Every structure is written in C-alpha cells, then in structure tokens.
Ligand code: ADP
C-alpha cells in the first residue's frame, strides 16, 4: 500500500496505438488498479508507415480518456529508455496476447533492461474478449468494410471509416475532440 510520502507509482504504456483498441484500453484500465498514473506513450518513429498520424492518435486517445485524469497521453521519438528517463516512471506496462507476442516482448524487455537496469516491464495477459484484437487486423477488417464496433471505441470506428473513405453512419458531426 502507498503510505504518506511514498512516491507516486507511475507506469508507462508504450506502443504504436495505430489505432487504439479495446485490447489496449483493457490493459490501461487494469494498469490503473496497480499504478497511480499510467502514461500512454505513442511511439512516433514509424510515422510514415502508420495509418493515423501521431497527432491523430494522440487526440483520439486524449478524447477517450478525457475524464480519467490519471491517464496521461504523450508521444515520443527515438529510444523509449530516453523518454522514460525524463519521467518519474520505473515500470513499463505491456500487454501479452498469444504466445506469438512472447518472443518479441521478451527481447524488448530484456533490451530495455540492458539499456536501463532500473527499468522493469510488467506484462498483463490479454482479456479473453480481446486476445484476437490487434491494430493491424482492425485496420485490415475496417479497410474492407467489416464491422469493428465492439473491438474499438465508436470514435475510432468512425475515424477508420473516414480514413478508408467508407460511409460514416449519419449522426451528428464528430470533431476529433468529441
Ligand atoms: P506495438 O508496440 O507492437 O506497435 P501496439 O502498439 O499494438 O504494439 O500495442 C502496445 C502494447 O499493447 C503491446 O504490449 C501489445 O502486446 C499490447 N496489446 C495490443 N493489443 C492487445 C490486446 N488485444 N490485448 C492485450 N494487449 C494488447
């Protein structure tokens, strides 16, 4: 338990979030049960290869967590360990889906620890409802007009339709910040 005078427990949840899914959101919400604050850190190194710009991803996630002050949304370029050293976080939060995630995550966590021995990575197993959800498959399905509602927030589903020039259901106009 955190006693008076204890440091705030901060975790950084890094990733591409291109776009954010309910799988990510589930990890953030569960992270908040353990940490006082979760910093969602969008890696903007691969900007050219991403569907959404860093700014678009940032605005979507900020909108989704606008009523959750202990979720902070940020972006970074370059080495994650350098970004982390500018914060008061000591833990990286990552989600683990099937065994396929394991090898990559194991290498990344080991590399990050080698770069910064004080930095640990905490893994959370995906929830049964989202083990098959990845940003990549969401983009694939959405680009072909498939329904992704229930796997991503409504705001994200609409942004995907806009990106792929698919008809957006008639409703009130949504700003990026809605
Ligand atoms: P990457 O860092 O490979 O670009 P993402 O940005 O998609 O990955 O995801 C960031 C983190 O969230 C990773 O640890 C990834 O394993 C995890 N994650 C992604 N989708 C899910 C999901 N459906 N359930 C649990 N964790 C997930």
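Listing for the model above:
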{"item": "Cα shape, region 25-85, gyration tensor, a/c 1.5 rule", "result": "oblate"}
{"item": "Distance histogram for the chain (every C-alpha pair counted, 5 angstrom bins, percent rounded to whole numbers)", "result": "1, 8, 16, 20, 21, 16, 10, 5, 2, 1, 0"}
{"item": "0 to 90° range, to nearest 10: angle between helix 99-115 axis and the chain longest Cα axis", "result": "50 degrees"}
{"item": "Rounded FRET efficiency, nearest 0.05, which uses the C-beta distance separating residue 149 from residue 115 and R0 of 41 Å", "result": "0.55"}
{"item": "Difference of contour (0.36 nm per residue) and Cα-Cα distance, residue 53 to residue 107", "result": "16.7 nm"}
{"item": "For peptides 14-22, 114-122, 89-97, sequence by mean Cβ density within 10 Å, most packed first", "result": "14-22, 89-97, 114-122"}
{"item": "Rounded to 10°, Cα long-axis angle of helix 54-64 versus longest principal axis of the chain", "result": "90 degrees"}
{"item": "Helix axis angle, 154-163 relative to the chain longest principal axis, alpha carbon, degrees", "result": "60 degrees"}
{"item": "Three-way shape label, region 80-147, alpha-carbon gyration tensor, a/c 1.5", "result": "prolate"}
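We did not get these values from a lab; they are worked out from the coordinates using the rules stated. Given the structure is predicted, the values throughout are model-derived calculations rather than measurements. Every residue, glycine as well, gets a Cβ built from its backbone with ideal geometry; the counts of neighbours run over all protein chains shown.
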